[in-house]
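Working notes for the structure below.
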Amino acid sequence: MKSTVLKYGIYSFILAAILFSSALYFGYALAFKTHGIIGYLTIVASLSFVFFGIKHYKNHGLDGEIDFKTAFVVGFSIVCFAAIAFGLIDAIYISTINPEFSESYIAHEFRVLETQNLPEVIVQIDKETVLKQSEVFKNPIIIFFVSLMLVLVVGTIISLLSALLLHKKQE
């Protein structure tokens, strides 16, 4: 199992690093909403190795039979590699490559709030909330863990679905 997890985990890490870095580099001038969509697509694409890793382990390590728990453990272990890649890249990008990201994000959120025709009191409360939430962008360790947790959540869902599709009970 270790060799399968390591092999497919490294594939997932590399694909996550390449896709996410490319999306950040080439999508520099894109809207935040578009960045979000591309980010989630990148996460799902890099986590496709979860399915293939479980399938490979089932077919080559266990002679075509795998229980749900083992399939999930293999899948989630692969997810951890991609999560680390996303966390590292996001932390490096926001803290080093684009340190103005926080200000750009705040300005964007303020523009969105001002176009929603909300009462001024609500706009002020929402602006304060945005400012508090943006504090996270000042600490690369927190950025790393927030990105890591996001990918772990999506990866857990993909691992559960993959384990459900691929598990086969012994008869």
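The values are calculated or read from the model by the stated rules, or taken from the named source; none is laboratory data. None of these values were measured; they are calculated from a predicted model. Glycine gets a Cβ as well: all are built from the backbone with ideal geometry, and neighbour counts include every protein chain shown. Surface areas here come from the heavy atoms of the whole protein model, side chains and all, with no ligands, DNA or RNA. Shrake-Rupley method; radii C 1.70, N 1.55, O 1.52, S 1.80 Å.
Couple of notes before you dig in:
- Taking every residue in segment 1-28 that is closer than 18 Å to Asn98 by Cβ and pairing it with any residue that is open to solvent by less than 70 Å² (accessible area, probe 1.4 Å) and small (Gly, Ala, Ser), at least 6 positions away or on another chain, the pairs with Cβ-Cβ distances below 7 Å are Ala17/Ala85; Leu19/Ala45; Leu19/Ser46; Ala23/Gly39.
- For segment 11-30, the criterion of being of a type outside the set (A, V, I, L, M), over 18 Å from Ile157 (Cβ atoms) and buried (at least 23 other Cβ atoms within 10 Å of the Cβ) is met by at least one residue.
- Residue selected from segment 35-78 under the condition among the β-branched types (Val, Ile, Thr) and within 19 Å of Ala17 (Cβ to Cβ), by the criterion most open to solvent (accessible area, probe 1.4 Å): Val44
Table: residues versus (1) in contact (Cβ under 8 Å) with a residue 12 or more places away in the chain; (2) crowded, with 17+ Cβ neighbours inside 10 Å; (3) out of contact with any Lys or Arg (no Cβ under 7 Å at 6 or more places or on another chain).
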| position | (1), (2), (3) |
| --- | --- |
| Asp90 | yes, yes, yes |
| Pro99 | no, no, yes |
| Ile106 | yes, no, yes |
| Leu113 | yes, yes, no |
| Val123 | no, no, yes |
| Gln133 | no, no, yes |
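- Inside segment 55-72, residues that are β-branched (Val, Ile, Thr) and within 14 Å of Leu6 (Cβ to Cβ) make up a count of 0.
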